[in-house]
Every structure is written in C-alpha cells, then in structure tokens.
Amino acid sequence: MHLADDWLRESSRTFPCERGEWRFTSPPEDADLPHAGWKIHVSATVMTVPVILDRVAQIVREYGVLAKCPRTLAGVARLNQGIGPTYSQIGKIFTVYPSSDEEFVALGDALVAATEDCDHWPAVPFEKQLAAGRPVFYRYGVVDPSVDTTLGACHLRGPDGQVVPDRRSDTEPPAWVRDPVVWRARTVHRQEAMSFVGLRAVSQRGKGGVYLAVDRNAGRRHLCIAKEGRRHGETDFDGVDGRRRGLDEADALTALRGLGCMPVLTGVETAGGHVYLKMEPIAGVDVAQMVHGHVPAHTLRAIVLRLAESVRSVHTHGWIWNDCKPANIVVGSRGRVHLLDFEGACPIEVFSVAG
C-alpha cells in the first residue's frame, strides 16, 4: 500500500530513531527530562496524518524537542481503535515532551497555530484541549518516553513525598501541580439536549461507546441503550468513521424493523458532531460467554437453528448482516436469538456489486 510506504518514508525524516512500535526524533534514553511533567498529544486519523505530520515536524525540528509517533500507519490505526484498556490512547498519534513548563506553553502555542486549518481528528479521551477546533491536547503525568507504559501502573510523587497513581482517566493534574496554560481563546460549547441520560458505559472504543441510559421520553424510569458513532472515530482508509457507521446501522435497523430478531431502534440523535442510536435493551447472554460454560448439545442445536432462521429472515428482506460472530448473537431466557451490531450491514445488491 503506497500510503503505508509514504508514511514510513516521510515520518523517518523527522523521527529517525526506532524503538519497538515507535519512532523518536532522537534516542529517548538520552533525553534530559523530568520524572513527571506536561505531555502534548496531537491527534489525527489515518487519512489526515500525513498533513498533520508535516505541521508537527516543523515545530519539533524548530524547537529541537523530543517527540514520538507510531512507526507504521497500522500503528496509527491501532491507537485510534482504543479497544479495552487502550481506550485512553485514542488520538495520541504525536507525543511531544517539553522539558519545562515554559517550553510546554511555547510548544503548545506553536502547535495550535500550525494546525489551524487541520480537521478530521478524534478527541483524546480524558485530556484537555489547548484550543477549540485544534487537534492539540495535553495532560500531566509520568514522562518516560523510552518505555511503553500504556497498560502499566505509574506513580507520581508530590513535593511532600506523597505518592499517587498516574491515572490516564484523570483530566485534572495532581493538587500540587499548577496548570500553566493561559486559556486565551477558550470556547465553551453548549451541549445539545438529549432525550436520554447516560448511566454508565457498557463498552468503549475509538469509533464510539455503548451506554446504558434512561430514556427521558418514556414518561417513567425506562432504561435504554445508547450506541454512539463518533465523528472521526476509527476512520478507515475509505474515510468511513464511527459516525458514518452509526448512520448506516440506523438505516439497516429501520429497514429491518419488525423482524423481531434485532434491536428495536427508538431514535437517532446527534450531539457534538457524533450520532447516537437509542435502542431498547436486549436481555440475555451472548454466545461468546455461553461457550465458556457447559451447554447441552440439544440447546446448542436449537440456538443454531434459530440463528439460521434469523439470518435467513434478514436475507429474505434484502439485506446482508456482515458481522456474524458469537459476541453479536444474544440468547434470551426463552431461547430467542437476537442479532446485534448492524453497522456493517448493507443491501444485498450493494454487497453483490462490491463483491
């Protein structure tokens, strides 16, 4: 793929030093950095990363600062998937390591100015944005660029010797740290009113989360599922992001409404550029969990027959599901089979042309 080759060639010019899955501007083990400090992250998708690389490269060369980026374009895509414990890594495509608060402020201003016309990038979870509309984020934490601490437990030590965990889910720095950023162009965005209130995240990844929520329009305490499609979330090489996948799933669920073997879509809403599908919850256990226990052969046979019947029903109505796997098959208490995740579904004629 020429995009991958272009990335290897262009990124190696500014980031020539390879360490595992990362490229650095210079050997990280030689860097004179504090144990903890401010880190700047610049976000991008696989489609916009060449342009943003050019902007970031100019700044890090000018300041002679240590910075890193994924070694391959596939590494960029993996970061933005944010599956499981790597959710906090979404958007951290370029990491810049200032050596002091003063350098942090100067670098932040320079990166904000350099990315003025850059769009199409996912937000970095749990981090502050240096300026509205810019792909530049920051956090305070352990600075150890020579080690991948994505899944490890790091700790911060305060001036009084107090030790606290460096949690990537904490937006605010420790109490003893002063945020040096001057919010000159900070813009407060009013959150659009939603017909549901989220209670907790069932799952999170780059393309969007799935939330257990309360439906405000039900007239009583009524639970629902809100499935998010994030704008610029996990954008692939065809330019398809989480938002587009969410809208595609809404189209499929609307077209197949009434079959009784898939989630009931009760609404589609947008907020912050993201799309949310509001659906009725489905009670049961997915097949991926069932197979870890003892399931009688006659029960498995019944599930397979009902699954075949459900898939046949989808096909009869002119659609291809496109994501048949154990985790997407839920079996209810009475053995009823439900099919989940229709973001990749498409009409049969579209599938035939693509094939």
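The values are calculated or read from the model by the stated rules, or taken from the named source; none is laboratory data. Note that the structure is predicted; figures quoted are calculated from it, not measured. No Cβ is skipped: glycine too gets one built from the backbone with ideal geometry, and neighbour counts run over all protein chains shown.
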Neighbours by Cβ (under 7 Å, 6+ apart or cross-chain): first from the stretch 221-245, under 15 Å from GLY272 (Cα atoms) and in contact (Cβ under 8 Å) with a residue 12 or more places away in the chain; second buried (at least 24 other Cβ atoms within 10 Å of the Cβ) and among the polar types (S, T, N, Q): HIS232/THR45; ASP241/THR235
Any chance ARG245 is surrounded by 21 or more Cβ atoms within 10 Å (Cβ to Cβ), basic (Lys, Arg) and under 21 Å from HIS338 (Cα atoms): yes
Strands (runs of 3 or more DSSP E) completely within the stretch 251-355 that count 1 or more residues being under 28 Å from the mean Cα position of the chain (by Cα) and of a type outside the set (A, V, I, L, M, F, W, C): 265-271, 274-279, 337-339
Scope the stretch 4-23; condition over 21 Å from GLU62 (Cβ atoms) and assigned to a helix (DSSP H, G or I); matching residues: ALA4, ASP5, ASP6, TRP7, LEU8, ARG9
Residue within the stretch 53-75 that is within 17 Å of the chain's Cα centre (by Cα) and of a type outside the set (Gly, Ala, Ser) present: yes
Filtered residue count, the stretch 88-107, keeping only those that are in contact with a Pro (Cβ under 6 Å, 6 or more places away or on another chain) and either of a type in the set (D, E, K, R) or assigned to a helix (DSSP H, G or I) (or both): 5
Failed criterion for SER203 (all others in (1) at negative phi; (2) surrounded by 13 or more Cβ atoms within 10 Å (Cβ to Cβ); (3) at pLDDT 90 or above hold): (2)
Pairs with Cβ under 9 Å, 6+ apart, first in the stretch 322-337 and in the same structural domain as MET290 (by TED's automatic domain parsing), second of a type in the set (S, T, N, Q): PRO326/GLN289; ALA327/GLN289; ILE329/SER310; VAL331/THR299; GLY335/THR299; VAL337/SER310
